[in-house]
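In what follows, a single structure is set out as structure tokens and then discussed.
Bear in mind that the values in this text are calculations on the coordinates, not laboratory data. The structure presented is a predicted model; accordingly, all values stated were derived computationally and were not measured. Counting neighbours? That spans all protein chains shown, and the Cβs are built from the backbone with ideal geometry, glycine included.
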Amino acid sequence: MAVIKGIKDTLNAQVARFEQAPLRQPVLLNSIPKGGTHLLRNILRMFVPVEQHHDRDFVQVPNMHLHLDAFNPNEPRLAAGHLLFSDQSLANIRFARHILLVRDPYDWVLARARFFVSEEFEQENIQHLKSGVFSADAIMNMMIFGIHQKSPALIDIYTHNAAAWLGAGVHLVRYEDAVRAVKDIEAPASAAFFGDLLAAAGIDRPQDWRERVTIGADRRQSRTARENLKLPEGLEFPAELPEIQRRLVDFHAPGLRALLGYA
């Protein structure tokens, strides 16, 4: 069982500063693990009353039976999860508005690698990745091809957590588009992005939307943001995925980046 540690979440106090309109329908923010979920979830939280935040845990197939209340149409909530495509998943979320967040596989490899070796992530059968035995290059390759019987490969995660949902009533959001919209909050493109995002969630965009987005996007509120992770001494990852690992991603999952709008 994986354990995620890190900074304490204090965003609810900020949410309470703003006038909030209740959700009229359940909303699911679904994503691949390490896809930027905390960023988009924290932004959306700024537009939803605290009492409608379903924040006990991220919804996933193994624990979904504990979170069915998140999708009750009579008591709408905002939930986040890493939900695999399946008949049961579709049935359970059938009343929810579904936002699907994806990330460029090139950047995802690096984000996942940093997270797996950080102090903030613990999974008993892969703790040895933090030992210093493995190079950054080797760990990146493990993120692409998986670790036998311990961690799934990139293609498996992207197939079941992302690609299979396309065309099944989701509003697709690319993490990189969200980051650009946050960084240039005054731009018309940012207004269009967040207008579409809130509309997909069934939320009317208020006049103070820029202030809410800026607060929600503060990386100090994200326990898994890169700068909030503590990595083993001497283990460093590049800012961009090296050329050989890019070629390995393309070999391993041909057509994936194009399918998601990255190529």
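Side notes on the structure shown:
- Computed over region 1-255, Kirkwood Rh from alpha-carbon pairs, angstrom: 19.0
- Student exercise, region 1-255 dipole from Lys, Arg, Asp, Glu Cβ charges, in Debye to nearest 20: 200
- Nearby aspartates and glutamates by direct alpha-carbon distance to residue 8 (threshold 16 angstrom, same-chain neighbours under 8 apart not counted): 55, 57, 119, 120, 218, 227
- Ordering of 175-188, 39-52 by packing is 39-52, 175-188, highest average first (other Cβ atoms within 10 Å, averaged per residue).
- Region 60-125: chymotrypsin sites (Phe, Trp or Tyr not before Pro) falling in loop per DSSP and having at most 14 other Cβ within 10 Å: 95
- Dividing the helix sum by the residues of the chain, where each DSSP H run of 4 or more adds -39500 (n - 2.57), gives a mean residue ellipticity at 222 nm of -10000 deg cm²/dmol.
- Across region 53-69, computed HN-Hα scalar couplings (Karplus, 6.51 cos²θ - 1.76 cosθ + 1.60, θ = phi - 60°) run 7, 8, 10, 5, 5, 6, 7, 9, 4, x, 10, 5, 5, 8, 10, 5, 5 Hz from first to last residue, x flagging Gly and Pro.
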